[in-house]
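The values are calculated or read from the model by the stated rules, or taken from the named source; none is laboratory data. Owing to the predicted nature of the structure, the values given are computational and were not obtained by experimental measurement. Don't worry about glycine lacking a Cβ; one is built from the backbone with ideal geometry, like all the others, and counts go over all protein chains shown. Side chains are part of the model used for accessible areas, which takes the heavy atoms of the whole protein and leaves out ligands, DNA and RNA. Shrake-Rupley method; radii C 1.70, N 1.55, O 1.52, S 1.80 Å.
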Amino acid sequence: MKILVIQFARLGDIYMSWPAARALRRKHPEAEIHLLVRPRFEAAAQGLEAVDRVVSFPTAHLLEPLVGEPADPTEALSRTARATESLRDENYDLIVNWTFSPLSSWLVKTIASPTAEILGYNRHRDGSLLIADDVSAFFYAQVGTERPNRVHLTDLFATMINMDLIAEDWRAPRFEASGRSLPEKYWVLHPGASESQKRIEPWQWARLIQEYAGFAGEDALPVVLIGSAEEKIIAQAVQSGVNRIPVLDLTGETKITEVFGLLEKAGLLVGADSAPLHMASLTGTPTFNI
């Protein structure tokens, strides 16, 4: 049996897929499972032993001709045809689309064989949106395209494949230690987020750290700042506003896989609804989500 899981969302959504991917592996222990992701977020699949192969699908490259002047839909279609041909040749028995996007449904329709079982968004023969399973219908009804989700995605993913999650499904991967010198005890702050509406101002983060230090007194632990290179300026602004406890700025200096090691040893993660929060659910690190 050959299974394709499609997850075209961002880092956090891929990490939220990990427990359900492991449940899928338990349900089909002998299957060959492929995970389809976008190149930009491929790193979030590193260490997921439940899948046999991670396939990078170049969505930006395929859509590039459509945003040029003038737009070239013929070239976009040609690129898409070449990219989907190899997927179609895999002849998957089961396709699980965890993306919940109308765009992903077109890909499913393109690559699915006539005998494939499909879970998630798909397309009818006339091109209209096909939502055949209960979980997808529930998601579309409550979220649609403009409303926020009120049910944890991991629960929806597992329900779609008709599996209950177990404790073993929630575990972090094991990577080689980075060798970076860290305090014996610390907590982690991720001051950035993928969307601006999820962020608070650097001075607010600095004030939070200062208030914590004043409250904890001699028991206050140093804080480690994490994030991408693009979030370095945010971290520097936070660090400049703190003078009560040590602040170690590691933004832009760690691989995403190294974040697991940082979180496993941390007493707490504070941040917005972003990728590290979902990574912490795999390491068992207590979190405070702002």
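Just a few scattered comments:
Residue by residue, here is whether (1) at pLDDT 95 or above; (2) open to solvent by less than 70 Å² (accessible area, probe 1.4 Å) holds:
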{"site": "Leu182", "(1), (2)": "no, yes"}
{"site": "His190", "(1), (2)": "yes, yes"}
{"site": "Trp205", "(1), (2)": "yes, yes"}
{"site": "Ile233", "(1), (2)": "yes, no"}
{"site": "Ser240", "(1), (2)": "yes, no"}
{"site": "Pro246", "(1), (2)": "yes, no"}
{"site": "Leu250", "(1), (2)": "yes, yes"}
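- When we screen Val242, Val259, Val238 for residues that are touching a helix residue (DSSP H, G or I) at 6+ places or on another chain (Cβ under 9 Å) and under 24 Å from Arg40 (Cβ atoms), the only hit is Val259.
- Considering each residue of segment 147-154 in turn, at least one proves to be at pLDDT below 95 and either of a type in the set (D, E, K, R) or open to solvent by less than 20 Å² (accessible area, probe 1.4 Å) (or both).
- Residue pairs whose Cβ atoms lie under 7 Å apart, sitting 6 or more positions apart in sequence or on different chains, and linking a residue in segment 135-146 that is free of Cβ contacts under 8 Å to residues at least 60 places away in the same chain to a partner that is open to solvent by 50 Å² or more (accessible area, probe 1.4 Å) and assigned to a helix (DSSP H, G or I), are Val135/Thr159.
- Taken over segment 155-170, the residue count meeting the criterion of being surrounded by fewer than 14 Cβ atoms within 10 Å (Cβ to Cβ) and either modelled with pLDDT under 95 or not acidic (Asp, Glu) (or both) is 3.
- Thr99 vs. criteria under 23 Å from Trp170 (Cβ atoms) and surrounded by 16 or more Cβ atoms within 10 Å (Cβ to Cβ): yes
- Total residues in segment 43-95, condition among the charged types (D, E, K, R), loosely packed, with under 13 Cβ neighbours inside 10 Å and more than 30 Å from Glu258 (Cα to Cα): 4
- Residues in segment 163-206 that are farther than 15 Å from Leu225 by Cα and in a helix (DSSP H, G or I): Ala167, Glu168, Asp169, Ser196, Gln197, Lys198.
- Residues located in segment 52-88, provided they are free of Cβ contacts under 8 Å to residues at least 12 places away in the same chain and either farther than 17 Å from Ile111 by Cβ or of a type in the set (A, V, I, L, M, F, W, C) (or both): Leu66, Val67, Gly68, Glu69, Pro70, Ala71, Asp72, Pro73, Thr74, Glu75, Leu77, Ala81
- Gln142 being modelled with pLDDT under 90, within 24 Å of Phe41 (Cα to Cα) and loosely packed, with under 15 Cβ neighbours inside 10 Å: no
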